[in-house]
Amino acid sequence: MSTTTSTVTGRPARKVLLVGDSSMVDASPALTAMFAATGADVAMAAGPGFGLTRIGISDQDSTFRTDYPRLLREERPDLVVMSVGFWDMHFVEQHGVLAYARVVDEAARLLTARGAKLLILSMPTGGQFPERVPDGAFEAVAAMHPGTVFYLDHEGALRGPAGDHPVAYRAPDGSTVHLRKADGWHFCPDGAERIAAEVDRLGTIHGLTVPAPDGWQQGPWRRSVHYDDPACRS
């Protein structure tokens, strides 16, 4: 599992801002519960179809250049967690990963302009873009801003016992582990929990947060409307 190697110390996050597309929307209930268990306040500002280069499949330009400065003024986070990439694949295919890295770097500079740290999550494995080309840009930008921007490749956390990336699988105790929705992309509670656990692990290593005490993994967040999907209940 690839991450940046620089380590920082300092006061753990007290205010966390979540930004990105629907992958962050689905991960947000678990991330919110995990960060809340550490004592942090969490603001969620992700939405379906959000990309750094366009909105959904439209030709509408991304709004991050106005959204991110406003969110920083309103929320004053000391840690931002971002999950994007899917809606930027068209840009990457047309212009290349280096051009995309320049856009990611612009977003990173905006999100860290007031002193916040930034953790960029890898593009989720699965769906129609299994190659996850945008991850190269995320990792490169993290390397450009050591101690400020961090990259987390959570691909391994979403694997099943066979080494693949299943929607669900049967655990040894007979229970069903629901990782993804039927599209093989969006998260069910078990998948969101694994993402949050990886953020907890990496955030602790780099001093961005403190270890979340056990207990957050269960609770009302698992019944969020975001998981009202047959694949999360079968």
*Close pairs from the range 180-203: first touching a residue at least 24 places away in the same chain (Cβ under 8 Å) and within 14 Å of HIS226 (Cα to Cα), partner among the charged types (D, E, K, R) and crowded, with 24+ Cβ neighbours inside 10 Å, Cβ under 7 Å, at least 6 apart*: HIS186/ASP26; HIS186/ARG180; PHE187/ASP26; PHE187/ARG180; CYS188/ARG180; GLY191/ARG180; ALA192/ASP26
*From (1) under 28 Å from ALA36 (Cα atoms); (2) aliphatic (A, V, I, L, M); (3) touching a strand residue (DSSP E or B) at 6+ places or on another chain (Cβ under 9 Å), pick out the condition that doesn't hold for ALA192.*
(3)
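Residues to consider are THR4, THR112, THR53; find the one that is closer than 23 Å to ALA137 by Cα, surrounded by 15 or more Cβ atoms within 10 Å (Cβ to Cβ) and modelled with pLDDT under 95. Don't jump to the end; show me each part of the working.
Working: THR112 fails: modelled with pLDDT under 95; THR53 fails: modelled with pLDDT under 95.
THR4 is the lone residue from the list that is closer than 23 Å to ALA137 by Cα, surrounded by 15 or more Cβ atoms within 10 Å (Cβ to Cβ) and modelled with pLDDT under 95.
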*What are the pairs, 6+ residues apart or on separate chains, where a residue within the range 23-52 that is under 20 Å from GLU198 (Cβ atoms) and among the aliphatic types (A, V, I, L, M) has its Cβ under 7 Å from a residue that is in a helix (DSSP H, G or I) and modelled with pLDDT under 95?*
VAL25/HIS226
*Do any strands (runs of 3 or more DSSP E) lying entirely in the range 140-206 carry at least 1 residues that are among the aromatic types (Phe, Trp, Tyr), and which ones are they?*
149-152, 168-170
*Kindly list, by first and then second residue, each pair from a residue in the range 53-73 that is free of Cβ contacts under 8 Å to residues at least 60 places away in the same chain and closer than 12 Å to PHE91 by Cα to a residue that is among the hydroxyl-bearing types (Ser, Thr, Tyr) and surrounded by fewer than 17 Cβ atoms within 10 Å (Cβ to Cβ), limited to pairs with Cβ atoms under 9 Å and residues at least 6 apart or on different chains.*
ILE55/THR63
_Residue selected from the range 219-234 under the condition assigned to a loop (DSSP other than H, G, I, E, B) and among the small types (Gly, Ala, Ser), by the criterion surrounded by the most Cβ atoms within 10 Å (Cβ to Cβ)_ = SER224
_Every pair of residues 6+ apart whose Cβ atoms lie under 7 Å, when the first sits in the range 208-227 and is closer than 18 Å to MET24 by Cα while the second is not in a helix (DSSP H, G or I)_ = TYR227/CYS188
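The values are calculated or read from the model by the stated rules, or taken from the named source; none is laboratory data. Since the model is a prediction, treat every value here as computed from it, not as a measurement. As a convention, Cβ positions derive from the backbone with ideal geometry for all residues, glycine included, and neighbour counts pool all protein chains shown.
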